[in-house]
Amino acid sequence: MLTIIVIRIATNMGIGNMRTVQMTLDDALVQDIDKIAKKLGTTRSAFARDALRAALARVASEEQERRHRRGYERKPVQPGEFSDWEDEQVWVD
C-alpha cells in the first residue's frame, strides 16, 4: 500500500519561502521515517528536507569526482609533475 504525504520544501536551502509538494511513498518507508523523525525530535517534513539536501550534496560531490576522474584520464599526471613540492613537505617524527 502507498501513502501520499505532503512535504513543505524550503527554497534557497532553508532560507525563504516554503513550497508544498506531494510525494507518494510506500507505507513501510513512511513508518520508518516517522520512527526516525520522532527519535530525532523533528518532523517528517524537516527530516525529508534534510535527507533531500544530503542527497543533493552527495550527487553534486559524486559529479565533481567524475569530472576530476575524467580530467585525469584525459591528462594523466606525468612523472615528476609534482616533484617540485617534495622539498616543501615537512615530515614530523
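Every number here is computed from the coordinates shown, using simple stated rules; none is lab data. In this text, all values refer to a predicted model and were calculated from it rather than measured experimentally. Heads up, the Cβs are rebuilt from the backbone with ideal geometry, glycines too, and the neighbour counts pull from every protein chain shown.
Observations on the model:
- Qualifying residue in the range 76-83 (condition: without any contact (Cβ under 8 Å) to a residue 12 or more places away in the chain, of a type in the set (F, W, Y) and part of a helix (DSSP H, G or I)): no
- For the range 31-64, taking the residues that are surrounded by 12 or more Cβ atoms within 10 Å (Cβ to Cβ) and among the hydrophobic types (A, V, I, L, M, F, W, C), the one that is farthest from M18 (Cα to Cα) is identified as I36.
- R19 vs. criteria free of Cβ contacts under 8 Å to residues at least 60 places away in the same chain, outside any helix (DSSP H, G or I), surrounded by 10 or more Cβ atoms within 10 Å (Cβ to Cβ) and basic (K, R): yes
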